[in-house]
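Asks: Below is a structure I'd like to ask you about.
Here, each number is a calculation from the coordinates, and none is a lab measurement. Treat the numbers as computed from the prediction; the structure is a model and nothing was measured. Positions of Cβ are backbone-derived with ideal geometry, glycine not excepted, and every protein chain shown enters the neighbour counts.
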Amino acid sequence: MLLRCLQPLHCPFRRWVSTQSDCLESRQYVSLYNYVALDKSELPKLRRRLPRGWKALGVSGRIYLSPERINGQLILPQYHVTTLSTSFPTVLIRQTMFYGHLQSSTDTDEHHSRLTVKIWKQLMHDGFQGGELNVQNSGRSLPPEQWHHKLKVRNDSQDSNILVLDVRNFYEHEIGRFDGATRIMVDTFRDTSSVKKAAARARTRSVSVDVDTKTDDGNVKEVMSLFKGKNFVFDQRCVGDLTESEEVTGDVLGQCFQCGEPCNHHTNCSNVMCHGLILQCLNCARIRLGACSKACKQESISMKAMTTQQQQRYRQEQATCWMPAIPNALSKYVSKRPQAPLARKSHTRHFTASNFLYKLIDYCELQTAYVYGQSSSLADEALLRDLRVQTTRKWPKAEQVIDEIQGKFLSFLVQTTKAQRALEIGCFTGYSALCIANGLAADGSLVTCDIDSAAMQFAQSFFDKSSHADQITAVNQDGLEYLNTAALSISAKQQPFDLIFVDANKCKYRAYYDFILEHKVLHPSGLLVFDNTLFRGRVAACAHGLTSNKERIAHSLADFNHYVAQDVRTTQVIVPLWDGLTLIQYNDTGNDRN
């Protein structure tokens, strides 16, 4: 079963608003969609016809056209709604038009000040590679009573063969969801609920002919007893009976983005150029003045001291530098995004997992900056800063770069173990490799490998500028394949590696571990380091049965941690720093270095 987005569910029953003389001052929100085959060559003509046809109706909002469907959110005078529903009978049908609450004509809405019609190449830009989306083969919609019954039976029986997927945005799921629903691993959808629901069904069926895919289809009152928390509402289009209160139950499922306290309150960053959506408790809102970071707080304070004209000019000059990161943006769009100040880049993982420390210090950024500044400098500090900047600008998954202080920690490990030969599995853009190389002695060497040729080419451009350029060898190869090559070299009298850092495919960690030990790729007194072994806290949750079967990475890492902990060949410790580091050595470390 697929969980549809809640907004259409919260609409009052589908209805047609008749023309009434006492409604002249009210404007109606309308959410609409229709899966209808549209000739691609005719879309530009339709894009011109819609605004012309609706001009007299006072329609504003957004319409999206594609060869697969029409989709949109509109607002117009209530007395014109009936005319709208019959204006383009070939592309609009009343059954897929949903009506939200009324708005006074005196209220302003900057998001719906005019009508915008855009053409999309496909229904959803979801990156799916398995063929075209077939919305005609997208499973079945269940009536409310059947949806309620199946969901209740599934939850009561804990039937793992029935998976309930929440296809809403992450920020909607984090404060409210149906009991037992699992969020899919996508952060941001830019589409309406009906499109997301049908697309999810079609994608699910396209990868398995044996999947019986169902979604809910009806009034929310029939299924609300199984919903917990809050229904996220971002405007008045489809809030239905929950206009006065978004709270469905008293369950507080979310956490404050800044202090970690239970919180179900979403707010936009007070820096209007950022405007990032965050969960923020009242205390953090007071301390940070409603901002998402220290940098945004300062920007907000500065702008409040400006005149209106000064603010307008300043925003025109600076706004693009504060665009929040779009988690699923394609690289071609990310590369066009101007560089934001370093202080406003994606929120980084903090150096400690201690909630107690969070509460003692107002700004974790301040603590992190202090720790970094009081730790020994690296040889290529300027180059490393530039590498982080360029990675943030040009790579959609820039969050995969290790934190700055973690880089210093790796360099420290290399120095303290006096490693001469180091190996890194999982290079990405090269930040961790440069940090490891920094800890090598003059006669030391580092081999770093990664399967991504584009990332390796990018990393090599920075290796060439490094003071350790002659000590770094970059290999564009799968980690296990390179380990096999290394094992053959070691058998031919090549020295094993003194330190191995693994930050690659998490589901292959056990395979890396076993191969390294069985083929003696690691020196008897060497150190083996695995990154991300706590994985956003989900590994511990998995070990206690608090995750779904869908969280493959968390399950793989939990199995890996347990396997290593039970292995008599090694001794190990999991350090709760950053995303979790596991340090491993052979149990027999009495051998002298040869």
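Asks: Which order do the peptides 450-463, 42-55, 422-435 take when ranked by the mean count of other beta-carbon atoms within 10 Å per residue, highest first?
Replies: 422-435, 450-463, 42-55
Asks: Please compute the net charge surrounding Ser66, taking Lys and Arg as +1 and Asp and Glu as -1 over other residues with Cβ under 10 Å from its Cβ. Display every interim value, and only then the final one.
Replies: Values: positive: Lys40, Arg69, Lys118, Lys121; negative: Glu68.
That sum, taken over residues with Cβ under 10 Å, equals +3.
Asks: Also: Kindly state, to the nearest 0.05, the FRET efficiency for Asp470 paired with Thr83, given R0 = 56 Å and r defined as their beta-carbon distance.
Replies: After rounding, the FRET efficiency stands at 0.15.
Asks: Give, to the nearest whole percent, the P(r) tail of region 260-310 beyond 13 angstrom, counting all Cα pairs.
Replies: 55 percent
Asks: Could you give the length gained by full extension between Gln312 and Arg62, i.e. 0.36 nm per residue of separation minus their alpha carbon distance, to one decimal place? Display every interim value, and only then the final one.
Replies: Details: separation 250, 0.36 × 250 = 90.00 nm, distance 2.50 nm.
Length gained, Gln312 through Arg62: 87.5 nm.
Asks: When the convex hull of the C-alpha atoms of region 369-440 is computed, what volume per residue in Å³ does it have?
Replies: Dividing the Cα hull volume of region 369-440 by its residues yields 82 Å³.
Asks: Right, something else. Rounded to whole Å, give me the distance from the Cα center of region 467-537 to that of region 43-64.
Replies: Centre-to-centre (Cα) distance: 59 Å.
Asks: To continue, here is another question. With the crude spin-label approximation of a point 7 Å out along Cα→Cβ, what separation in nm comes out for Arg393 versus Leu488?
Replies: Here the modelled spin labels are 4.1 nm apart.
Asks: Using 21 Å as the Cα-Cα cut-off, could you pick out the over-long pairs in Lys150/Lys228; Lys55/Lys121; Lys394/Lys465; Lys465/Lys506?
Replies: The answer is Lys55/Lys121; Lys465/Lys506.
Asks: What is the calculated FRET efficiency for Asp478 to Gln158, with r their C-beta to C-beta distance and R₀ = 30 Å, to the nearest 0.05? Don't skip to the end; give the middle numbers.
Replies: On the way: r = 38 Å, r/R0 = 1.27.
For Asp478 and Gln158, the calculated efficiency is 0.20.
Asks: Sticking with this structure for a sec: Mind listing the long-range amide H neighbours of Asp403? Cut-off is under 5 Å, sequence gap 5 or more, other chains count too, H placed in the peptide plane at 1.01 Å from N.
Replies: Long-range HN contacts for Asp403: none found.
Asks: With a point put 7 Å past each Cα toward its Cβ, work out how far Phe412 is from Leu366 in nm, to one decimal.
Replies: Reported label-point gap for Phe412 and Leu366 is 2.3 nm.
Asks: Further, regarding this structure: Rounded to the nearest 0.05, what FRET efficiency do Lys55 and Arg286 have when you use their Cβ-Cβ distance and R0 = 45 Å?
Replies: The pair Lys55/Arg286 has a calculated efficiency of 0.45.
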